[in-house]
There are 2 protein chains.
Amino acid sequence: MFCWLSRLYRGLSRPTRRTTQLTWGSFSRSLVLSSQRRIPELSSFVARTNTCGELRSSYLGQEVTLCGWIQYRRQNIFLVLRDFHGLVQVIIPQDESAASVKKILCEAPMESVVQVSGTVISRPPGQENPKMPTGEIEIKVKTAKLLNSCKKLPFEIKDFVKKTEALRLRYRYLDLRGVQMQYNLRLRSQMVMKMREYLCNLHGFVDIETPTLFKRTPGGAKEFVIPSREPGKFYSLPQSPQQFKQLLMVGGLDRYFQVARCYRDEGSRPDRQPEFTQIDIEMSFVEQTGIQSLIEGLLQYSWPSDKDPVVVPFPSMTFAEALASYGTDKPDTRFGMKIVDISDMFRNTKVGFLQDALSKPQGTIKAICIPEGEKYLKRKDIESIRKFAADHFNQCSLLGKLRLECADLLEARGVVLRDPALFSFLWVVDFPLFFPKEENPEALEAAHHPFTAPHPSDVHLLYTEPQKVRSQHYDLVLNGSEIGGGSIRIHDAELQHYILATVLKEDVKLLSHLLQALDYGAPPHGGIAIGLDRLMCLVTGAPSIRDVIAFPKSFQGHDLMSNAPDSIPPEELKPYHIQVSWPTDSKTEKSSLNHPCHPES
Amino acid sequence: MFCWLSRLYRGLSRPTRRTTQLTWGSFSRSLVLSSQRRIPELSSFVARTNTCGELRSSYLGQEVTLCGWIQYRRQNIFLVLRDFHGLVQVIIPQDESAASVKKILCEAPMESVVQVSGTVISRPPGQENPKMPTGEIEIKVKTAKLLNSCKKLPFEIKDFVKKTEALRLRYRYLDLRGVQMQYNLRLRSQMVMKMREYLCNLHGFVDIETPTLFKRTPGGAKEFVIPSREPGKFYSLPQSPQQFKQLLMVGGLDRYFQVARCYRDEGSRPDRQPEFTQIDIEMSFVEQTGIQSLIEGLLQYSWPSDKDPVVVPFPSMTFAEALASYGTDKPDTRFGMKIVDISDMFRNTKVGFLQDALSKPQGTIKAICIPEGEKYLKRKDIESIRKFAADHFNQCSLLGKLRLECADLLEARGVVLRDPALFSFLWVVDFPLFFPKEENPEALEAAHHPFTAPHPSDVHLLYTEPQKVRSQHYDLVLNGSEIGGGSIRIHDAELQHYILATVLKEDVKLLSHLLQALDYGAPPHGGIAIGLDRLMCLVTGAPSIRDVIAFPKSFQGHDLMSNAPDSIPPEELKPYHIQVSWPTDSKTEKSSLNHPCHPES
């Protein structure tokens, strides 16, 4: 009788890339699985006695008051009420004396908000719905109150998920009612809470808020600027609390963490957000292995209990090895198909282009072996691989990309290479300290940031061959995505000054406060930052980081719901001593902005 | 023998306004008192085995490795090592074989960072220091390592606190090493953690991050603006997550909280910060009393255990009563001296100015009775009260200010009116929904914000006498400071539209997304925000909110350490389509900015 429910929810829950579909039923179960040792009270302080989703046979006979949204109504007899916790069936009373209750429950449009009071009764034999966690019971209603009526929605809510993402973002408050977004945001909150318990309560870390109104950092071209009330003076929104956390170490707050909001203006980039969140950590008197153990414990402790437990320690791989075997610094180690050096097999080859390759300094011939490729890959696939290779010719990351491309092809043919239940963590270590600048390969830039300490064995090379120096930087990779990175920092003022001024040719004045701080008793220190949005995206199997953020921006950095960024009347810019430089070649664009406050309109 | 220590720390610890001085000893004790049920491991993952401050007689004979700053050295025999947890005495070895250890420990300047390994031994009889938590033991050192040498500080560290606050802010990383800042920041972290436990683990709240790159809100003149890469389009930094938290309720995330960074550009204002933090809470299906109970429980649960427990429920007072009895909407209820209406006693007076006052509509005569005022207040005091009254004549808040002024005078004469150990919470309720605009008293503005719901008994007045409507707003007051405020919100789209458009004459278009959301099944909801900085300031007895913030801005909104806000080269402004409007009448000011990148320099 209630099999429509599971169908409805199959409709409501958006399919995710790699995991199975979520329904209100499975959600409810996983909420219980991953809840704290003490189950939280979900109905304290409010007008309900229980959540819709928690009711079971054990509640039989209880008088309950529920608040929720009308999910479904059938024949003016059954009504399904929904809250974040799940669904429950309500029996609409049919007798004359309850006419007003019937009227309320039958006339309220779908998605209206109602409060009902009544008794938990068992469903008639044979009418139980085993697919519904509350499927053994229903509510015999005595009173009902319409709390808010819902206007006709611009689309059927069950079709909602089939609409474009733009529509979902525009009506984000409706999208959030869906089971997948509820699960993602609630799991995120729970995981972060467990991380806090691990850091604060188990290991004595101090949660310290650092400013977001800061000054620009050297080379900080991706930092948003905020005009101040002083002419020509701007704050900048920092890309991370890097400087502050190091200064906290100098200040003796020797185990710092923060769930830190960070900002990066990268213009329009898919799957990036102008503001994002990182679990930001710094410790004094620590070495690389200490940070790594801390993070392994952190992930193990906070990992959702409905997933396979995290196994520690994580394997480790050098940057050089990652590039050689996987063609990338963030290898997906869930499957093999490593890159193999087969140069030796071709030393005496007569094939021209292979001879050419081997005759070059450090010239090599490399291959990827695709297991059973012959069986699975079609001629069309081979052709697309050939084309892919041609398109990416001369890019050193070609083989790494080719490996992933082949994996995609194999999986499209039904081979399971990357188990969606598998979480494969990897440390990548021994990065170079510097890279040649893209626009000027003679000059060097910091591979990560200028505060990264050189590898102890390579310090002597700093003054002779800086491009050969390895760093004490480490990246944390999960299933082929970089989810974190950190380093042991430089705590020696002289070394820091040398790297900034002599190697990197940066404006040291912008960092004089940090250099001075290093001179006044800075302890050795190091840290890491975990990208929370990316991590949650992988944990939930969401297709985009926008699915683990309550109110994300679109590709173009827009809030499609509220229409941010928005025009501002010139008089509101005056206190900040700025004016808009309208592009001279975009008259049409200007008028299309339709901006009533524009000085020329 | 070690009485110098307590003297040193009396010097190091900044005296606070109302509480007793903090020393490393008392700090250490209070840390233990207020620690979690499970004591955190403070030395996991790092190069030390123990903290300096934790060692006691129970550690006798143990081999330990400590890391810390050199606090004090005496006769090249004793060295006091400090970490955040406290102090410990280290015996510098004098025998030939340990010459290198002696050299390191004797030559390192004060505030240098060292690592020492050795044995915990008991001090010789009679040499224990009962004032020092580690005063029964000392460390017999075997090895020592200089981790970082400290350059000569620009001032003696023990004199540091006597310097100006500007100097403290400039060298914030040194200021943070002091016992008071360590206590304030660590207590803040612990209290916030307990609040999270209460909200997440006990009551099922969901921690949700909302965007800070938003659009301007109606009347949001105090919002910082951030130029985007689209000409003329700006993000705004919101003053609170108000709209987002209401949208989350519409989205069915019915118990939300966030430790939210908020922004307000109020120019130069003492004891305000351009960015600040609030404990931001919203619930669906809740009434005023529900929010109040939640908050009472929250403060009781998170209250530091070294203070008297919080007694709940908090008393409640209407706005009208607060004004009548205390002359302010945030009464300090730690002491009496209420304002009394004595009009009736003067109905038949012949005194001219009193007759005048009573003849006016709603004219009253009010008084404050100062207990034993005759005994304590000098002629000079009476004179200053008279002058104060004259200076504030015709301000309706005069009597409230006079009451506080009198309290100050009495306390200056030694009367204890406001017990520093007393925390007196108070709800102030039934605020007016609107106030007349200052610049145009015919027009109305929202007393708090336009989303506040009217008092149920006054709804009918909205359409006839809106100025008489009371609201469902509530303020939380602690010792005469407003530490929080919230309300039941409007969940009816029509009512919200009427108030915005007809009563407040706001631009409804800026809020069309919110109005639309209310139409699509918005549950009744309400919430509150607690000002964390102000709360921590009162809890720690700090003289300024800058003392509970790691890196605060100065009065003028400057970061004195890093020199933010700073100049930005015009080419970095180009992508944002803005240019600086240099004030034409400030040539001198401009040149004094000393800005190398200015287009005219």
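Please treat every number below as a calculation from the coordinates, not as lab data. Worth saying up front: this structure is predicted, and the values here are computed from it rather than measured. FYI the Cβ positions are ideal-geometry reconstructions off the backbone, even for glycines, and counts take in every protein chain you see.
Once phi is turned into ³J(HN,Hα) by the Karplus curve 6.51 cos²θ - 1.76 cosθ + 1.60 with θ = phi - 60°, what whole-Hz value does each residue of segment B:321-328 show in order, with x for glycine and proline?
Rounded to whole hertz, the list is 5, 4, 5, 5, 8, 10, x, 7.
Starting from the amide H of B:His455, placed 1.01 Å from N in the peptide plane, find each other amide H under 5 Å away whose residue is 5 or more places distant or on another chain.
Those qualifying (amide H under 5 Å, at least 5 residues apart or on another chain) are B:Arg470, B:Ser471, B:Gln472.
For segment A:437-544, what number results from the quotient of the Cα radius of gyration and 2.2 N^0.38 Å?
Ratio of Cα Rg to 2.2 N^0.38 Å: 1.26.
Relative contact order, percent, of segment A:103-201 when contacts are C-alpha pairs under 8 Å separated by at least 6 residues?
25 percent
Tell me the Rg and the Dmax, in Å, that the Cα atoms of chain B produce.
When restricted to the Cα atoms of chain B, Rg and Dmax are 29.2, 98 Å.
What does the average come to when, for each residue of peptide A:167-174, you count the partner chain Cβ atoms lying within 10 Å of its Cβ?
Averaged over the peptide's residues, the number is 5.
Please list, in chain and number order, the residues 5+ apart from A:Ile342 or on another chain whose amide H is under 5 Å from its amide H, with Hs placed from the backbone.
The answer is A:Ile365, A:Lys366, A:Ala367.
Can you give the convex hull volume of the alpha carbon atoms of segment B:117-246 per residue, in Å³?
So the per-residue Cα hull volume is 289 Å³.
For a 26 Å ceiling on Cα separation, which of these pairs sit above it: A:Lys307/B:Lys245; A:Lys194/A:Lys401; B:Lys380/B:Lys401?
Checking Cα-Cα distances, A:Lys307/B:Lys245; A:Lys194/A:Lys401 exceed 26 Å.
Residue by residue, what Karplus-based ³J(HN,Hα) values in Hz, rounded to whole numbers, does segment B:92-97 have, using 6.51, -1.76 and 1.60 with θ = phi - 60° and x for Gly and Pro?
6, x, 10, 6, 3, 4
Can you pull the one-decimal nm distance between simple spin-label points at A:Thr349 and B:Val508, each 7 Å off the Cα toward Cβ?
A separation of 7.4 nm, rounded to one decimal place.
Kindly put A:Phe45, B:Phe155 in sequence by how many other C-beta atoms sit within 10 Å of each C-beta, fewest to most.
Result, fewest neighbours first: B:Phe155, A:Phe45.
Hey, got the average number of other protein chain Cβ atoms within 10 angstrom for residues in A:145-154?
4
What does DSSP give for the protein assembly as shown in terms of the percent of beta bridges that are antiparallel, rounded to the nearest 5?
Of all bridge pairs located within the protein assembly as shown, approximately 90 percent are antiparallel.
Run the numbers on chain B and let me know its relative contact order in percent, using alpha-carbon pairs under 8 Å that are six or more apart.
13 percent
I'd like the FRET efficiency for B:Asp356 and B:Glu482, computed as 1/(1 + (r/R0)^6) with the beta carbon distance as r and R0 of 41 Å, rounded to 0.05.
The computed FRET efficiency comes out at 0.75.
Report the residues of segment A:177-212 in range of a label on B:Tyr301: point 7 Å along Cα→C-beta, backbone N strictly under 12 Å from it.
Answer for this model: none.
What is the log10 of I(q)/I(0) for segment A:245-286, computed with the Debye formula using one identical point scatterer on each Cα and no solvent, at q = 0.35 Å⁻¹?
The computed values of log10 I(q)/I(0) come out as -1.13.
Return one number: the angle in degrees, 0 to 90 and rounded to the nearest 10, between the long axis of the Cα atoms of helix A:3-12 and the longest principal axis of the Cα atoms of chain A.
Once rounded, the angle reads 40 degrees.
Arrange the following residues from fewest to most other Cβ atoms within 10 Å of their Cβ: A:Arg534, A:Arg413, A:Arg172.
Neighbour counts put them in this order, fewest first: A:Arg413, A:Arg534, A:Arg172.
Would you mind getting the Kirkwood hydrodynamic radius of the protein assembly as shown from its Cα pairs, rounded to one decimal in Å?
33.7 Å
Taking the Cα centre of segment A:432-502 as origin, sum charge times position over the Cβ atoms of Lys and Arg (+1) and Asp and Glu (-1), and report the length of that vector in debye to the nearest 20.
Charge dipole, segment A:432-502, about its Cα centre: 180 debye, nearest 20.
Given points 7 Å out from each Cα along the Cα-Cβ axis, report the B:Tyr72 to A:Ile77 separation in nanometres with one decimal.
Using points 7 Å along Cα→Cβ, the separation is 8.6 nm.
Average partner chain C-beta neighbours within 10 Å, per residue of A:75-83?
So the per-residue partner count for this stretch is 1.
Would you mind counting up the charge near B:Ile549? Only other residues with Cβ under 14 Å from its Cβ, with Lys and Arg at +1 and Asp and Glu at -1.
With Lys, Arg at +1 and Asp, Glu at -1, the net is 0.
Sort B:497-508, B:467-478 by packing, meaning the average of other beta carbons within 10 Å per residue, with the highest value first.
B:467-478, B:497-508
Give, as a single signed number, the net charge of other residues whose beta carbon lies under 10 Å from the beta carbon of A:Ile483, with Lys and Arg counted +1 and Asp and Glu -1.
Net of charged neighbours comes to -1.
Pull up the cross-link candidates among the aspartates and glutamates for A:Lys142, meaning alpha carbon to alpha carbon under 16 Å and not fewer than 8 places away within one chain.
Qualifying aspartates and glutamates at Cα under 16 Å: A:Glu63, A:Asp95, A:Glu96.
Mind checking the angle between helix B:24-33 and chain B's longest principal axis? C-alpha axes, 0 to 90 degrees, to the nearest 10.
60 degrees
Computed over the Cα atoms of segment A:80-137, what is the convex hull's projected area averaged over all directions, in nm²?
Taking a quarter of the hull surface, the average projection is 4.7 nm².
So if we plug the beta-carbon distance of B:Ser44 and A:Val312 into 1/(1 + (r/R0)^6) with R0 = 25 Å, what FRET efficiency do we get, rounded to 0.05?
So the FRET efficiency works out to roughly 0.95.
Between B:Arg272 and B:Glu383, what is the FRET efficiency for a Förster distance of 35 Å, r being their Cβ-Cβ separation, to the nearest 0.05?
Given R0 = 35 Å and the Cβ-Cβ separation, E is 0.60.
Report the local net charge at B:Phe84: Lys and Arg +1, Asp and Glu -1, summed over other residues whose C-beta lies under 12 Å from its C-beta.
Taking every other residue near B:Phe84 into account, the sum is +2.
Mean residue ellipticity at 222 nm from the helices of the protein assembly as shown, using -39,500 (n - 2.57) per DSSP H segment of n ≥ 4 over the full residue count, to the nearest 500 deg cm²/dmol?
-7500 deg cm²/dmol
Between B:Lys163 and A:His460, with labels modelled 7 Å along Cα→Cβ, what's the label distance in nm to one decimal, could you check?
4.1 nm
Based only on other Cβ atoms within 10 Å, what is the fewest-to-most ordering of B:Lys245, B:Lys380, B:Lys222?
Fewest-to-most ranking of B:Lys245, B:Lys380, B:Lys222: B:Lys380, B:Lys222, B:Lys245.
Dipole size in debye (nearest 20) for chain B around its Cα centre, Lys and Arg Cβ +1, Asp and Glu Cβ -1?
For chain B, the charge dipole is close to 2380 debye.
Report ³J(HN,Hα) in whole Hz for each residue of segment B:275-290, in order, from the Karplus equation J = 6.51 cos²θ - 1.76 cosθ + 1.60 where θ = phi - 60°; Gly and Pro get x.
10, 8, 10, 10, 7, 9, 9, 8, 9, 8, 6, 10, 10, 3, 5, x
How big is D for segment A:254-377, in µm² s⁻¹ as a whole number, if Stokes-Einstein is applied with the Kirkwood radius of its Cα pairs at 4 °C and 1.567 mPa s?
In µm²/s, the coefficient rounds to 66.
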